[in-house]
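Bear in mind these aren't lab numbers, they're just calculated from the coordinates by the rules spelled out. Since the model is a prediction, treat every value here as computed from it, not as a measurement. Positions of Cβ are generated from backbone atoms using ideal geometry, with glycine treated the same way; all protein chains shown enter the neighbour counts.
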Amino acid sequence: MIIRKEDLFLFFNRCISEKIDNYEEILLPKKNNQKDEKQFYFTKYNSDENIEYDLESFRTIDPIKTLFYLSRENVSSTSLHSKKRIVAGIKACDLKALNILDKALINDDFVDPAYKKLRDNTLIISSDCNRITDSCHCNLVGGKPYSESNYDINLSKVNNNNYYYIVVGSKKGEKFLNTMKEHVAVNKAPQDVFSLVEENRKDILEKLEKQNKKYYHTENFDELKNSEEKLWIENSDACVGCGACTNICPTCYCFILNDETEAEKFVKVRSYDSCQYHGYARVAGDNSPRPKMHQRFRNRYLCKFSYFNSNFDTIGCVGCGRCIDACPAEIDFREVVKKLS
């Protein structure tokens with residue numbers, strides 16, 4: 001199926017104004033400011049404001065996990081999030097990360113009720129990347145700049161961004177498409193549309209491969225475990241242990257639970273924690289399992305390429321490159337992996 005860009009946004013307008021299928025909120029990527037071409041973030045859709053939303057570009061500054069696994073949350077509250085919403089413009093790297101979080105937070109042994117409620121009440125609309133940023137490297141970790149699964153609806157631009165080619169990925173997405181047909185024009189796609197989509201995808205993939213050519217490394221990540229300690233010391237020399245890399249990572253989900261109870265009000269607050277902090281996993285007697293910076297630095301890489309693989313049968317890096325952008329010491333994740341593997 002194919003839809004004009006204007007009609008898609010017209011339907012978004014009607015979803016909010018007419019409460020179609022009880023959707024109360026739509027979140028879309030927008031530019032941080034009109035001059036900055038490299039920063040996007042998710043914001044609530046508002047048709048009354050003159051805002052330039054961008055579904056076609058690359059991933060947002062913050063990972064999609066911040067919309068499902070909140071950075072700070074009162075977990076003792078009995079009221080869970082219940083807004084039915086649409087999140088559109090999610091990229092393949094974030095979608096892959098969300099699938100990893102699903103394995104960690106919704107499984108046979110444990111279900112995070114707050115996370116599950118948000119997942120159940122959210123329609124996922126992914127979209128192909130039509131640009132890349134300097135740190136993007138999904139191609140180095142088995143990813144692609146377009147989604148192939150785990151979405152409800154996927155959008156691919158055609159005809160100079162004037163149309164979107166629609167692919168349904170779930171029953172929820174099929175229901176959404178049928179509802180959309182009742183309100184705006186959704187047409188059968190011409191025969192040549194998919195070849196245009198394939199050309200766009202091939203072009204972006206070639207740009208990624210060219211950009212990351214110097215960072216190609218073996219896929220035998222077991223070599224990271226065997227790297228000598230002096231190499232970890234050398235590569236972690238500039239690290240200050242700020243935790244920016246783990247807080248911005250779309251697959252990190254370690255947390256700390258604080259008691260903020262006051263008088264008769266019982267409050268337990270969960271917030272992000274980082275294995276890069278000296279106090280992480282500290283035990284009685286002030287002992288730490290990884291007291292030195294290079295040990296904590298090493299742990300992060302082993303977590304992504306070994307521990308995640310053991311627990312979820314997939315590596316924990318999706319190649320979004322956010323940790324590279326966020327690092328105040330300008331440590332390039334790709335370079336470290338290449339050197340030590």
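Quickly work out the Lys214-to-Ser288 label distance, labels modelled 7 Å from Cα along the C-beta direction, and quote it in nm with one decimal.
That separation, rounded to one decimal, is 3.3 nm.
Give Lys38/Lys225; Lys44/Lys117; Lys5/Lys214 a once-over and call out the pairs whose C-alpha atoms are over 26 Å from each other.
Table pairs above 26 Å Cα-Cα are Lys38/Lys225; Lys5/Lys214.
Between Lys213, Lys38, Lys304, which gets the highest mean-square fluctuation from a Gaussian network model of the chain, Cα cutoff 10 Å?
For the chain, modelled as a Gaussian network with Cα springs under 10 Å, the answer is Lys213.
Calculate how many DSSP beta bridges within the chain are antiparallel, expressed in % of all such bridges and rounded to the nearest 5.
Around 70 percent of the beta bridges assigned by DSSP in the chain are antiparallel ones.
Out of these labelled values of Rg and Dmax of the Cα atoms in Å, (i) 21.3, 69; (ii) 28.5, 100; (iii) 21.0, 74, which was calculated from the coordinates shown here?
(i)
Let me check against my output: what whole-number percent is the relative contact order of the chain, with C-alpha pairs under 8 Å and at least 6 apart?
It comes to 20 percent, rounded to a whole number.
To make sure I understand, if each residue's beta carbon is the centre and we count other beta carbons within 10 Å, what order do Ile256, Ile20, Ile153 fall in, fewest to most?
By the 10 Å Cβ count, ascending: Ile256, Ile20, Ile153.
Given the -39500 (n - 2.57) contribution per DSSP H run of 4+ residues, what per-residue ellipticity at 222 nm results for the chain, rounded to the nearest 500 deg cm²/dmol?
-9000 deg cm²/dmol
Compute from the Cα atoms of the range 217-340 the Rg and the Dmax, the latter being the longest Cα-Cα distance, and quote both in angstrom.
16.1, 57
Work out the length of the dipole vector of the chain about its Cα centre, built from +1 on the beta-carbon of each Lys and Arg and -1 on the beta-carbon of each Asp and Glu, and round it to the nearest 20 debye.
Magnitude of the dipole: close to 140 debye.
Mind giving me the FRET efficiency for Glu18 and Asn187? R0 is 25 Å, r the Cβ-Cβ distance, nearest 0.05 is fine.
E between Glu18 and Asn187, to the nearest 0.05, is 0.65.
Which residues in the range 251-295 have a backbone N closer than 17 Å to a point placed 7 Å from the Cα of Ser76 along the Cα-to-Cβ line?
Zone members listed by number: 256-271.
In which sequence would Arg290, Arg296 go, from the one with the fewest C-beta neighbours within 10 Å to the one with the most?
Lowest to highest Cβ neighbour count: Arg290, Arg296.
Whole angstrom only: what separates the Cα centroid of the range 276-290 from the Cα centroid of the range 144-194?
Answer, in whole Å: 49.
What's the extension gain from Ile256 to Lys268 if we count 0.36 nm per residue and subtract their Cα-Cα distance?
Full extension of this stretch gives 3.3 nm more.
What cysteines in the chain have no other cysteine with a beta carbon less than 4.7 Å from their beta carbon?
So, Cys15, Cys129, Cys136, Cys138, Cys239, Cys242, Cys254, Cys275, Cys303, Cys317, Cys327.
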